[in-house]
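The values are calculated or read from the model by the stated rules, or taken from the named source; none is laboratory data. Because the structure is predicted, anything quoted here is derived from the model rather than measured. Every residue, glycine among them, receives a Cβ derived from its backbone with ideal geometry; neighbour counts consider all protein chains shown.
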Amino acid sequence: MKKILSALQLARRAYMPKLPKGLHGAIEVIEEGATEPAANKDELKSLFPNTYGLPILKFVEGNEKKNIPAVNVGILLSGGPAPGGHNVISGLYDGLKAFNKDCRLYGFILGPSGLIDHQYMELTGDIIDEYRNTGGFDMIGTGRTKLETAEQFERGLDIMKELGIKALVIVGGDDSNTNAATLAEYYMAKNAGIQVIGCPKTIDGDLKNEMIEISFGFDTACKIYSEIIGNIQRDCNSTRKYWHFIKLMGRSASHIALECALQTQPTIAIISEEVEAKNMTLDDLVTYIARIVAERSAAGMDYGTVLVPEGLIEFIPAMKKLIAELNELLAGSQEFAMIKRSAQRSWVISKLSSENAAIYASLPERFASQLTLDRDPHGNVQVSRIETEILLSSMVGIKLGKWKEEGKYVGKFAVQHHFLGYEGRCGFPSNFDADYCYSLGYTASRLVASGKSGYMATVRNLIAPAEEWIACGVPLSMMLNIEHRKGKDCPVIRKALVDLDGKPFKTLASQREEWAKGNAFVYPGPVQYFGPSEICDQPSKTLVLERS
């Protein structure tokens with residue numbers, strides 16, 4: 001069946017992503033000295049003896065183009081989709097062909113499982129051209145299988161030997177790049193002749209450190225969500241009768257909620273890290289929202305917007321303790337599975353500690369049952385299935401009802417609920433993400449050409465024009481630390497939380513009281529792909545505040 005392309009997709013095909021000048025033509029590699037992680041140095045040096053202490057690499061303009069032998073390269077996409085993934089593949093393909101037209105690129109189907117199960121396809125120019133500057137990961141698909149065991153590594157090695165692959169590029173988040181670090185060390189220890197290179201992806205924005213200014217997809221996803229929030233706020237200001245509770249993706253950190261708040265100026269924006277830092281209870285949070293609702297109502301405004309991070313519930317200290325005990329209680333519990341639904345609540349209360357039992361008993365039935373739904377593969381509660389926005393609005397409604405009985409509140413509280421999640425993961429990438437991802441893929445090709453392994457492709461100086469960006473290779477080992485997970489110490493790349501001392505949060509904190517009092521709503525409109533650079537090429541507000 002012939003694929004039908006939209007007018008926008010056809011137009012985007014013609015867009016040529018901008019590259020840092022250090023990736024044009026002849027390229028020179030500069031080593032910037034040995035590195036080491038910030039913590040757990042002895043343990044990590046022992047675990048990664050072959051890839052520990054590698055230097056940071058910088059790619060700059062060279063004087064002489066070198067002849068580089070043709071290589072076969074594999075690529076896989078890991079974890080949830082993020083806008084720009086196809087441009088990573090395009091940049092890698094174009095970069096490989098630029099140094100030797102006989103290079104070949106293979107994509108492993110549906111992520112790491114494609115490597116293990118030997119499911120792959122060769123990515124030719126015709127295929128690549130179909131997907132340039134498009135959203136999604138549908139060129140080769142993605143998956144969440146973890147590369148952790150020697151058996152998996154050997155299965156991957158078998159197919160790469162069969163295909164003559166000399167380098168593997170793994171595109172993913174913190175866990176996927178942790179797996180890339182382990183895989184690179186394994187193949188180097190075996191002298192297997194396979195380079196492993198990582199690439200930073202996640203719309204959540206929590207793969208970020210001094211070497212990674214931003215993960216790809218975050219810019220586009222936040223612009224998509226902010227358009228929708230702006231539309232909701234325009235509707236809110238038009239009808240003036242609803243409070244909109246809007247849950248946003250971001251289980252482990254509130255970067256999306258913070259960025260969208262800076263773009264749209266909602267009435268209320270909850271930041272999970274602040275809730276945890278202030279040791280707020282669920283009632284504290286409900287009271288805070290209810291107070292603003294009541295104050296606006298007294299001023300004749302029975303409407304507003306509330307942004308809620310997806311993972312908020314796990315940042316409320318008391319709820320965090322409750323969820324941790326529930327995870328332990330329900331892990332593989334056959335007894336719970338056999339109990340009738342009507343009796344499950346009583347059974348859970350009877351098994352919990354007195355403190356957690358009291359908290360669980362105080363929760364609305366609908367929300368309490370969501371806390372006992374099937375766990376994820378790691379044994380954790382699936383926060384995306386917990387309707388935190390509905391919990392907050394219902395508890396705010398109850399509190400306002402009590403205040404009304406006491407004569408403290410006379411307004412109306414009508415609510416609408418929204419969860420903005422999958423809508424942002426596969427959109428057409430913004431010009432920023434299209435350029436950034438293409439540059440990341442091209443940088444990965446330079447790492448391949450340089451024979452490097454155990455590196456992540458990174459691009460820095462991102463608030464400057466793209467020509468002034470700096471392409472780098474950063475050792476994966478320097479980003480690792482040791483964390484206790486699933487009962488044992490493991491090397492992992494730490495998730496970056498919202499920095500409460502950073503400029504983005506402080507900007508929000510300095511303005512939110514004014515946002516709560518009036519109608520400071522901003523309506524960003526849709527992502528712009530064509531027009532003046534100041535409209536089309538702007539990076540996220542978070543990135544600008546952090547790097548300016």
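Answer with yes or no whether SER453 is farther than 24 Å from GLU210 by Cα, modelled with pLDDT of 95 or more and among the hydroxyl-bearing types (Ser, Thr, Tyr). Spelling it out, it is not the case that SER453 is farther than 24 Å from GLU210 by Cα, modelled with pLDDT of 95 or more and among the hydroxyl-bearing types (Ser, Thr, Tyr).
Can you find a residue in region 111-120 that is under 19 Å from the mean Cα position of the chain (by Cα) and either surrounded by 21 or more Cβ atoms within 10 Å (Cβ to Cβ) or modelled with pLDDT under 95 (or both)? Yes, that holds for at least one residue.
Taking (1) surrounded by fewer than 18 Cβ atoms within 10 Å (Cβ to Cβ); (2) at pLDDT below 95 in turn, ASN461 satisfies each apart from (2).
Kindly indicate the residue of region 479-510 that is out of contact with any helix residue (DSSP H, G or I) (no Cβ under 9 Å at 6 or more places or on another chain) and not hydroxyl-bearing (Ser, Thr, Tyr) and also surrounded by the most Cβ atoms within 10 Å (Cβ to Cβ) among those meeting that condition. Explain how you work it out, then say what you get.
Here is the first cut: in region 479-510, the ones out of contact with any helix residue (DSSP H, G or I) (no Cβ under 9 Å at 6 or more places or on another chain) are 483-488, 501, 510.
Narrowing the set further to residues that are not hydroxyl-bearing (Ser, Thr, Tyr) leaves 483-488, 501.
Values: GLU483: 14, HIS484: 9, ARG485: 10, LYS486: 7, GLY487: 6, LYS488: 7, ASP501: 6.
Selected residue: GLU483.
The residue pairs whose first member lies in region 292-310 and is closer than 11 Å to GLN233 by Cβ, whose second member is among the basic types (Lys, Arg), and whose beta carbons are closer than 7 Å, counting only pairs six or more residues apart or on different chains, are TYR303/ARG240; TYR303/LYS241; GLY304/ARG296. Looking at the structure I just gave you, is ASN231 part of a helix (DSSP H, G or I) and touching a residue at least 12 places away in the same chain (Cβ under 8 Å)? Considered against the rule, which asks whether it is part of a helix (DSSP H, G or I) and touching a residue at least 12 places away in the same chain (Cβ under 8 Å), ASN231 comes out as yes.
Within region 400-413, residues that are more than 9 Å from ALA294 (Cβ to Cβ) reach partners that are basic (Lys, Arg) and at pLDDT below 95 with beta carbons closer than 9 Å, at six or more positions or on different chains, in the pairs LYS402/LYS408.
Restricting the search to region 207-223, which residues are of a type outside the set (Phe, Trp, Tyr), crowded, with 24+ Cβ neighbours inside 10 Å and over 26 Å from ASN50 (Cα atoms)?
ILE214, SER215, GLY217, ASP219, THR220, ALA221, CYS222, LYS223
Just a yes or no: is a residue in region 19-36 more than 27 Å from ILE463 (Cβ to Cβ) and modelled with pLDDT of 90 or more? Checking region 19-36: at least one residue is more than 27 Å from ILE463 (Cβ to Cβ) and modelled with pLDDT of 90 or more.
If you check ILE246 against the conditions, is it outside any helix (DSSP H, G or I), among the β-branched types (Val, Ile, Thr), at pLDDT 95 or above and crowded, with 24+ Cβ neighbours inside 10 Å? Explain how you work it out, then say what you get.
Working: outside any helix (DSSP H, G or I): yes; among the β-branched types (Val, Ile, Thr): yes; at pLDDT 95 or above: yes; crowded, with 24+ Cβ neighbours inside 10 Å: yes.
Judged against the criteria, ILE246 is a match.
Per-residue answers, yes or no, for (1) assigned to a loop (DSSP other than H, G, I, E, B); (2) surrounded by 17 or more Cβ atoms within 10 Å (Cβ to Cβ); (3) more than 28 Å from the chain's Cα centre (by Cα):
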residue	(1), (2), (3)
MET280	yes, yes, no
ASP283	no, no, yes
ALA290	no, yes, yes
GLU295	no, no, yes
THR305	no, yes, no
VAL308	no, yes, no
LYS321	no, no, no
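The set of residues in region 371-418 that are under 30 Å from ALA337 (Cα atoms) and of a type in the set (Lys, Arg) comprises ARG375, ARG385.
Take residues that are over 30 Å from ILE224 (Cα atoms) and in contact (Cβ under 8 Å) with a residue 60 or more places away in the chain and tell me which of the helices (runs of 4 or more DSSP H) falling wholly in region 63-176 contain 2 or more. Can you show your working first?
Numbers: elements: 85-99, 112-117, 125-131, 150-163.
Answer list for region 63-176: 85-99, 150-163.
PHE419 meets all of the listed conditions (1) under 30 Å from SER6 (Cβ atoms); (2) crowded, with 19+ Cβ neighbours inside 10 Å but one, namely (2). So, ALA496, is that one among the aliphatic types (A, V, I, L, M) and in the same structural domain as ALA290 (by TED's automatic domain parsing) or not? The answer is no for ALA496. Among the numbered conditions (1) at pLDDT below 95; (2) touching a Pro at 6+ places or on another chain (Cβ under 9 Å), the only one that ARG485 does not meet is (2).
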